[in-house]
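Okay, structure first, notes after.
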Amino acid sequence: MILFSNYPRRVEDYLEYCRRYFTAMQQLGATIFVLHRNKIPAASLNAALYFERFQCLSELGESFGIQIAQENVARCTSASLAFLTQMRDALRKQAHFVLDVKQAVRAGESPMAMLQALGSHVVHVHISDHGEYSDCLPIGKGRFQVNAFLQQLVRVSPDCSVILELYLSGFSDLPVLVSNYTLLQNRIHAAEKGANGDALSVLR
């Protein structure tokens, strides 16, 4: 509502507010700022304005050593691969993405197709499994081809970081979560071995 506002002063206020976030991120050692919004339907979106405002935020982030990354979110403009590839082509080197597997599934998109299309522009992944019972399951509890996805990720974006992201409804207790984290680590290591030593990082 603020970054994509038609009121320039409001946008300036937002960018000034983000300086506080970026300063805190520097202190914490965080390097990726994840953007979800906006919620304007794609049919009524001014794409050029969207990309212009995203670029402004990216340039500010870069001055702090921060990458601004657009996440694919099913309820937002960024849900579709068509929009994200348009964004990639418009912004080029400043186009960075967070690929959320479950959000892709909720939007009717293929996570693998998203990864193949966005390639090295994917700087962070929120991973989970999915199947007939849920679109957000622990790794190994659904039908998602996790190994193939990770192998492709190592090939196209070896510096990408990966986080296991499950909702509370997706696991029963902490030991299940810890066990699934370890499973994900092992699968990432296996993918790395098949990719000439390129390395991903799995976040706790």
Segment 130-155, subset aromatic (Phe, Trp, Tyr) and open to solvent by less than 50 Å² (accessible area, probe 1.4 Å), residue farthest from the chain's Cα centre (by Cα): Phe144
Strands (runs of 3 or more DSSP E) within segment 35-132 that include 2 or more residues polar (S, T, N, Q): 67-71
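For (1) more than 18 Å from Ile2 (Cβ to Cβ); (2) open to solvent by less than 30 Å² (accessible area, probe 1.4 Å); (3) touching a Lys or Arg at 6+ places or on another chain (Cβ under 6 Å), each residue gets a yes or a no:
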{"site": "Leu45", "(1), (2), (3)": "no, no, no"}
{"site": "Phe51", "(1), (2), (3)": "no, yes, no"}
{"site": "Leu57", "(1), (2), (3)": "no, yes, no"}
{"site": "Phe64", "(1), (2), (3)": "yes, no, no"}
{"site": "Asn72", "(1), (2), (3)": "yes, yes, no"}
{"site": "Phe83", "(1), (2), (3)": "yes, yes, no"}
Enumeration of residues in segment 4-33 that are assigned to a helix (DSSP H, G or I), among the polar types (S, T, N, Q) and over 21 Å from the mean Cα position of the chain (by Cα): Thr23, Gln27
Members of segment 101-119 that are within 14 Å of the chain's Cα centre (by Cα) and on the phi > 0 side of the Ramachandran plot: Gly119
Cβ pairs under 7 Å, 6+ apart, first in segment 86-105 and in contact (Cβ under 8 Å) with a residue 24 or more places away in the chain and farther than 14 Å from Cys56 by Cα, second buried (at least 22 other Cβ atoms within 10 Å of the Cβ) and hydroxyl-bearing (Ser, Thr, Tyr): Val101/Ser128; Lys102/Ser128
When residues of segment 156-170 are limited to those that are over 20 Å from Thr182 (Cβ atoms) and not in a helix (DSSP H, G or I), the one most open to solvent (accessible area, probe 1.4 Å): Asp159
Total residues in segment 164-204, condition in contact with a Lys or Arg (Cβ under 8 Å, 6 or more places away or on another chain) and either modelled with pLDDT of 90 or more or more than 23 Å from Val123 (Cβ to Cβ) (or both): 2
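The values are calculated or read from the model by the stated rules, or taken from the named source; none is laboratory data. None of the values given here were measured: they were computed from a predicted structure. Ideal geometry is used to build each Cβ from the backbone, glycine not excepted, and the neighbour counts take in all protein chains shown. All accessible areas refer to the heavy atoms of the entire protein, side chains included, with ligands and DNA or RNA removed. Shrake-Rupley method; radii C 1.70, N 1.55, O 1.52, S 1.80 Å.
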